[in-house]
Amino acid sequence: MISVIIPVHNGSRTLRDCLAAVRASDHADYEIIIVDDHSTDDSREIAESFGCRVLATEDNIGAARSKNRGAAVARGDILFFTDADVCIQPDTLSRVARDLADRRLAGVVGLLGTKLRYHNFSSQFKNLWMHYTYRRQPEHVGLFYTSAAAIRATVFREMGGFDENYTGASITEDIEFGQRLLTAGHKIYLDKELTVEHLKHYTLGGVLRTDFYRSAGLTRTWVRKKLQSQNGEKYYASVPWFFVMGVPLACLAPLAALAALSSRARWLWGVAGGALLALLALNAPFLRFLGRVRGRLFFVQSCAGIVLDMWASGLGILWALVTFGRGEQY
């Protein structure tokens, strides 16, 4: 049996579509466990109307703890984690079962598909960024991306589940869990044909805010593991090297421009322009992909969007270092 575990906090806007997609599965042997994380909307009633098993928390305990609560009562030998704003495909669960028939694998993860019902730039940009960065990963990964991630129940419990020091909405706890799986030698297979639709409507501010916090979370996790790891724990993230290299360039450009304005040193304008051109050149493969799948106008918009996104990520890194120094490790 596959236990489908879905944490939800005030997710009524998308939960109905999410559960309808699970119920349309062509795999018969499954259960749905909804962990209602202290919702104040009608999420619980929607879940009950679909015949789900519902666990209700007395307080808002966050994504990591909610997923662990669901896993603790699951009856399946495979745990499949997804979110209340995700729609799986009819063959998703059967594909998971087929993949995990290979006993060498501990788990399998999928990725966001390229099709999205929201057509505004910010939603498309963020969705395609997630699709692109995960699709370029190798066959076996140190990732456990819980928009669509399955694992053997025995392995999940052996590893102690998600780190409950991560509180709030899902940001980094699944990445950290994937790193522990990698360190322990468990094989996680990235099935690039296992795609889901993310029912997330982003504004530009929403994209920048999400990537600020994601960048901060990844940075704190990396620093903590580097400073405190006693067993050589491995670090793995999906962020490509060219994006990482672009972040300091994105930060250099406005600093050079401000310095040029205050000092009247014209050569600093060349530094600012050169930093931006280098950033775009580094990320040319991603930008070409966006232009190919969404057209020239989207390509032009993305050139500006990726600069803003890197600024937000850079600020997230700085914020993480400052707050880590103050004792905030998660």
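The values are calculated or read from the model by the stated rules, or taken from the named source; none is laboratory data. These numbers were taken from a predicted model, which means no experiment stands behind them. Here the Cβ is made from the backbone with ideal geometry for all residues, glycine too, and neighbour counts use every protein chain on show.
Residues in the stretch 57-77 that are at pLDDT 95 or above and over 21 Å from the mean Cα position of the chain (by Cα): Ala72, Val73, Ala74, Arg75, Gly76, Asp77. Do the conditions hold for Arg266, that is, is it free of Cβ contacts under 8 Å to residues at least 12 places away in the same chain, among the charged types (D, E, K, R) and either loosely packed, with under 13 Cβ neighbours inside 10 Å or farther than 28 Å from Ser170 by Cα (or both)? Spelling it out, Arg266 is indeed free of Cβ contacts under 8 Å to residues at least 12 places away in the same chain, among the charged types (D, E, K, R) and either loosely packed, with under 13 Cβ neighbours inside 10 Å or farther than 28 Å from Ser170 by Cα (or both).
The set of residues in the stretch 182-229 being surrounded by fewer than 20 Cβ atoms within 10 Å (Cβ to Cβ), among the aliphatic types (A, V, I, L, M) and at pLDDT below 95 consists of Ala184, Val223, Leu227.
Checked across the stretch 126-149, the condition of being in a strand (DSSP E or B), surrounded by fewer than 19 Cβ atoms within 10 Å (Cβ to Cβ) and either assigned by TED's automatic domain parsing to the domain that holds Arg209 or not aliphatic (A, V, I, L, M) (or both) holds for at least one residue. Among the residues of the stretch 103-121, those identified as in contact (Cβ under 8 Å) with a residue 40 or more places away in the chain and either buried (at least 24 other Cβ atoms within 10 Å of the Cβ) or within 12 Å of Arg152 (Cα to Cα) (or both) are Arg104, Leu105, Ala106, Gly107, Val108, Val109, Gly110, Leu111, Leu112. Looking only at residues of the stretch 150-161 that are hydrophobic (A, V, I, L, M, F, W, C) and not in a helix (DSSP H, G or I), we find that the one that is surrounded by the fewest Cβ atoms within 10 Å (Cβ to Cβ) is Met159. If you check Phe298, Phe324 for being closer than 30 Å to Ala184 by Cα, surrounded by 15 or more Cβ atoms within 10 Å (Cβ to Cβ) and over 19 Å from the mean Cα position of the chain (by Cα), only one passes: Phe324.
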